[in-house]
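A.B. asks: To start, I am sharing the structure in question, which I have written as structure tokens.
The values are calculated or read from the model by the stated rules, or taken from the named source; none is laboratory data. The shown structure was predicted, so the numbers you read here are calculated from the model rather than taken from an experiment. Here the Cβ is made from the backbone with ideal geometry for all residues, glycine too, and neighbour counts use every protein chain on show. All accessible areas refer to the heavy atoms of the entire protein, side chains included, with ligands and DNA or RNA removed. Shrake-Rupley method; radii C 1.70, N 1.55, O 1.52, S 1.80 Å.
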Amino acid sequence: MRARYGVPLGITAVGAAGLAYAAGFEVRSFRLRRVTVPVLPPGMRPLRVLQVSDIHMVGGQRKKQRWLQSLAGLRPDFVINTGDNLSDPEAVPETLDALGPLMRFPGAYVFGSNDYYGPRLRNPARYLLERATGRHGLNGNKPVVGAIHNPWEGLRDGFDRAGWVNLTNTRGSLKIDSMEIALTGLDDPHIKRDRYARVAGGPQEDADFSMAVVHAPYLRVLDAFAADRYPLILAGHTHGGQLCIPFYGALVTNCDIDAGRVKGLSTHKAGGHRSYLHVSAGCGTNRYTPVRFACPPEATLLTLVARD
């Protein structure tokens, strides 16, 4: 009996322990990633940018709310929110409360698909299938039927009241001391709401610094931003793979970017030009898959310094 059942039972026990860790500990083990990026013009003072992404707020997530509030203690020069704030139609007030201390700083935002639509229960194996076929979101898949519409307008109004700049397929700017930071943003490519033609033309020439912002780092968007010579692109969406293999990394990215750039700082080349790309692993999960493994939830403090 031992010889027959010992190995399967051992595997089951290890799997159960891993699931308990992923759902009970790591998913609430919030981290701050610190990154230095050499992108500023020579002579410009460093800028501290806090990126928050993929909060996926569900009502009652008090620890996540307190942690987000505590990030205000970093006192960034400005905040960039790269979308997917919601995973519960009722969570707009709690999301705004959690981000309230951060909204005292200058900031800007784009939305992701989960800001517009509620999550659906789906087979996790579909992410592997989509990676194999190259179809993600509405990019090659059939339109979603019976989608739950989230009250994203309340989220937008709260951000706007705080003075955060809405970068939905448009340009904006922030005034930091005497410096003008120009921002170019796109709506979510995952659901084909990006309209690059509306913002094409490259960085604002008279700004002290320009950067690009989008929720999902699809290659068509990264190519356009890099070819237009944006020195820095910020994105989220991938959850860093969410369920990763130790010493190997992510299996899926939920878009067409390669798994080697699923989170953290990398570069992207297009049109003979190179941009820095930072992809946040985010600090939440879809409410139907509340687990993380080898991929802790995070926010990122980027210190932008003068380039060589």
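A.B. asks: Count the DSSP beta bridges whose two residues both fall in the chain, then state the antiparallel fraction as a percent rounded to the nearest 5. Don't skip to the end; give the middle numbers.
C.D. replies: Working: 23 of 54 bridges.
Of all bridge pairs located within the chain, approximately 45 percent are antiparallel.
A.B. asks: Students sometimes get this wrong: rank Asp177, Asp208 by accessible area, probe 1.4 Å, all chains present, largest first. Don't jump to the answer; show the numbers that get you there.
C.D. replies: Working: Asp177 115, Asp208 70 Å².
Ranking Asp177, Asp208 by accessible area, largest first, yields Asp177, Asp208.
A.B. asks: For the chain, take the longest principal axis of its alpha carbons; what is the angle in degrees between that and the long axis of helix 2-24, to the nearest 10 within 0 to 90?
C.D. replies: 30
A.B. asks: Further question on the same structure: Considering only protein heavy atoms, what is the solvent-accessible area of Arg120 at a probe of 1.4 Å, reported in Å² to the nearest 10?
C.D. replies: 120
A.B. asks: Here's something else I'd like to know. Can you tell me which of Asp187, Asp115, Asp97 moves the most in a GNM of the chain? Springs connect C-alpha atoms under 10 Å apart.
C.D. replies: Most flexible of the set in this elastic network: Asp97.
A.B. asks: Here's a follow-up. With a 1.4 Å probe and all protein chains left in place, how much accessible area per residue does the chain have, in Å²? Walk me through the intermediate numbers first.
C.D. replies: On the way: 14030 Å² over 308 residues.
For the chain, the per-residue accessible area is 46 Å².
A.B. asks: So, taking all protein chains as they sit and a 1.4 Å probe, how much accessible area belongs to Arg229, in Å² rounded to tens?
C.D. replies: Counting only protein heavy atoms, Arg229 exposes about 150 Å² to solvent.
A.B. asks: Pull up the cross-link candidates among the aspartates and glutamates for Lys63, meaning alpha carbon to alpha carbon under 14 Å and not fewer than 8 places away within one chain.
C.D. replies: Glu26, Glu94, Asp97, Glu298
A.B. asks: Also, quick follow-up: Sort Val79, Val291 by accessible area with a 1.4 Å probe, largest first.
C.D. replies: Val291, Val79
A.B. asks: Enter the accessible area of Lys175 (Å², nearest 10), with the probe set to 1.4 Å and all protein chains included.
C.D. replies: Spelled out: Lys175, probe radius 1.4 Å, area about 130 Å².
A.B. asks: Gly107's amide H: which non-local residues (gap 5+, or another chain) put their own amide H closer than 5 Å, with H modeled 1.01 Å from N in plane and none for Pro or chain starts?
C.D. replies: Counting only residues 5 or more places away or on other chains, the set is Val79, Val165.
A.B. asks: Right, something else. Please list the three semi-axes, largest first and in whole Å, of the ellipsoid equivalent to the stretch 249-288, using sqrt of 5 times the eigenvalues of its alpha carbon gyration tensor.
C.D. replies: Working: eigenvalues 111, 25, 15 Å².
Gyration-tensor ellipsoid for the stretch 249-288: 24, 11, 9 Å.
A.B. asks: From the residues Pro119, Ala294, Ser70, which one has its Cα farthest along the dipole of the chain in the positive direction, the dipole being from +1 and -1 charges on Cβ of Lys/Arg and Asp/Glu about the Cα centre?
C.D. replies: Ala294
A.B. asks: On to the next question. Give me the percent of accessible area attributable to carbon and sulfur for the stretch 131-261, probe 1.4 angstrom. The partial results should precede the final answer.
C.D. replies: Values: 3030 of 5930 Å².
Ligands and nucleic acids excluded, carbon and sulfur reach 51 percent.
A.B. asks: A further question on this structure: Amide H to amide H under 5 Å from Phe209: which residues, 5+ apart in sequence or cross-chain, H placed 1.01 Å off N in plane?
C.D. replies: Amide H to amide H, under 5 Å and 5 or more residues apart or across chains, Phe209 pairs with Glu180, Ala182.
A.B. asks: Could you check which residue among Pro89, Pro38, Pro119 shows the biggest mean-square fluctuation in a GNM of the chain with a 10 Å Cα cutoff?
C.D. replies: Per the Cα network of the chain with a 10 Å cutoff, Pro38 tops the list.
A.B. asks: Considering all projection directions equally, how large on average is the shadow of the alpha-carbon convex hull of the stretch 177-308, in square nanometres?
C.D. replies: Working: hull surface 38.0 nm².
Averaged projected hull area, Cα only: 9.5 nm².
A.B. asks: When only C-alpha pairs under 8 Å and at least 6 residues apart count, what is the relative contact order of the chain, in percent?
C.D. replies: Numbers: 720 pairs, mean separation 82.1, N = 308.
Once normalised by length, the contact order is 27 percent.
A.B. asks: Next question, about the same structure. Would you pull out the residues with amide H under 5 Å of Arg33's amide H, same chain only if 5 or more places away, H placed 1.01 Å from N?
C.D. replies: Answer set, sorted by chain and number: Ala299, Thr300, Leu301.
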